[in-house]
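Beneath this line is the structure, given in structure tokens, with notes to follow.
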Amino acid sequence: MLRLIPASLCLQCRRVTLLPINLRPCVTLSTAENQQTVEALYDLSVDVQKVRKLKGWVLHQSPAYAKEVADLLKDIGASEPIISRILTAHPEAVLCNPAQTLALKALWMSVCPNQKELVGIIEKFPASFFTSSCHHDNQRSNITYFQSLNLNKRIITKLMASAPQSFIRPVEQNEDMVRTLQRTYQELGGEEANMKLWLQKLLTQNPFVLLKPPQVLRQNMLFLRDKGFTTAELLYLLSKLKGFVTDLNPDSMCHTLAYSQDTLGCSEAELRDIILSCPALLYYQEDILAERFQGLLNAGISMYQITQTPTVLELTTQIVNYRIQRLKSHGYDVRTASLDVLNGTKKDFEMSYGKLQLRRERPLFNPVAPLKGDD
């Protein structure tokens with residue numbers, strides 16, 4: 001049975017709370033631009049006008065280390081165009097002093113497979129790499145903790161890049177959430193042998209789950225259990241929702257479920273089956289669902305068809321209408337046929353659409369049948 005369990009910026013950083021968290025506390029703000037920084041950025045082909053417009057405060061800082069940061073990026077294999085893109089997107093990087101950037105490099109290389117991948121990460125997530133030195137101890141502790149869970153280096157690197165906030169906070173908070181996830185998995189009947197893989201997959205799909213209060217997960221699981229879902233179904237929902245169940249709350253789910261049941265005209269048991277077919281239905285606000293239901297009905301799709309293929313509600317009305325029109329051009333009438341062809345990603349739809357084209361263009365005769373001779 002599920003049981004509720006209690007939940008469990010360094011001082012320097014607080015001095016600059018009005019500025020972005022990556023600003024170093026040792027820099028000073030000047031009324032005039034730091035011309036050395038401006039000239040160094042121009043030399044590196046950085047779009048200084050864009051920096052001025054979006055993050056002009058960086059150009060007023062002193063000291064700054066544009067050349068030193070660029071040299072470090074070059075040393076790990078970054079090309080000049082990549083360096084230019086990194087510093088244009090995240091000019092705060094020039095506020096990291098040489099000792100700090102070397103420490104950051106060592107920190108990331110402890111989990112990053114090679115320098116080439118590190119360059120790719122910095123280009124895509126520069127703010128995740130160039131963090132304040134007051135966070136480094138927490139980052140090291142969190143790296144050690146996730147390594148103790150036997151997560152491979154690429155998973156840890158992805159977590160650090162996509163959800164850096166989870167690594168700059170005290171490790172105890174991540175330990176608390178991970179224990180809650182593991183305990184919930186076991187209480188719902190998950191097999192111990194599969195727990196590592198399950199946890200690794202969940203964290204990869206939604207690294208931000210670590211930032212949620214553990215009690216939110218427990219409360220949402222208890223709410224769904226009270227709605228009649230079995231423990232096996234709860235485990236399925238927890239896995240299928242990819243940890244996004246922590247973004248929900250009982251009040252919002254209660255409104256969504258009541259609206260869906262009333263609109264679909266189904267029983268509670270039927271609604272549970274629909275939710276199991278389309279767990280994402282739990283997310284949507286009433287106004288979003290109302291628009292999507294109305295869009296489908298306007299296209300001639302019946303409520304019965306929607307209950308048979310509820311995942312169609314994951315698509316926006318615009319996407320649904322576009323796909324319906326493309327299918328119609330090939331003689332496919334969604335009003336009388338399956339809605340499965342509408343589902344999925346753009347790639348999934350294009351594959352289904354391509355099959356319809358082939359079916360339409362396929363010759364009606366059998367190419368291997370013997371031809372009739374002339375009488």
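What follows is calculated from the coordinates using simple rules that are stated; it is not laboratory data. Fair warning: this is a prediction, and the values are worked out from it, not measured in the lab. Glycine also receives a Cβ, built like all others from the backbone with ideal geometry; neighbour counts cover every protein chain displayed.
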Under a Cβ-only charge scheme (Lys and Arg +1, Asp and Glu -1), can you give me the dipole magnitude of the chain about the Cα centre, in debye to the nearest 20? 480
At R0 = 41 Å the Cβ-Cβ FRET efficiency linking Arg52 and Ala103, nearest 0.05, sits at 0.90
Cβ-based exposure ranking for Phe125, Phe130, in which fewest neighbours within 10 Å come first: Phe125, Phe130
Sequence order, the range 244-259: Karplus ³J(HN,Hα) from phi using 6.51 cos²θ - 1.76 cosθ + 1.60, θ = phi - 60°, Hz rounded, Gly and Pro as x, gives 5, 4, 6, 7, 9, 8, x, 5, 5, 5, 4, 5, 5, 5, 5, 5
In nm², what is the average projected area of the convex hull enclosing the Cα atoms of the range 224-294? 4.4
Test of understanding: ordering Glu172, Glu39 by Cβ neighbours within 10 Å, fewest first, what list do you get? Glu172, Glu39
Taking the Cβ of Asp348 as the centre, find all other residues whose Cβ is under 15 Å away and add up their charges (Lys, Arg: +1; Asp, Glu: -1). +2
Using Cβ counts within 10 Å as a stand-in for footprinting exposure, how do Thr307, Thr230 rank, fewest first? Thr230, Thr307
Over 20 Å (Cα to Cα) among Lys105/Lys242; Lys124/Lys201; Lys158/Lys242; Lys212/Lys346; Lys196/Lys240 -> Lys105/Lys242; Lys124/Lys201; Lys212/Lys346
Please give the contour-minus-distance gain from Glu117 to Ile288: 0.36 nm per residue of separation, less the Cα-Cα distance, rounded to one decimal in nm. 57.6 nm
In nm, to one decimal, how far is the modelled label at Asp340 from the one at Ser110, with both set 7 Å along Cα→Cβ? 5.0
Extend 7 Å from the Cα of Ala127 along its Cα-to-C-beta direction; within the range 66-82, residues with backbone N under 18 Å of that point are none
Subtracting the Cα-Cα distance of Lys240 and Met303 from 0.36 nm times their residue separation yields 20.2 nm
How large is the convex hull of the C-alpha atoms of the chain per residue, in Å³? 241
Note down the net charge around Val111, summing +1 for each Lys or Arg and -1 for each Asp or Glu among other residues with Cβ under 11 Å from its Cβ. +3
Nearest 0.05, what FRET efficiency do Leu222 and Ser162 give at R0 = 41 Å with Cβ-Cβ as r? 0.90
By average C-beta atoms within 10 angstrom, highest first, the peptides 112-121, 82-91: 82-91, 112-121
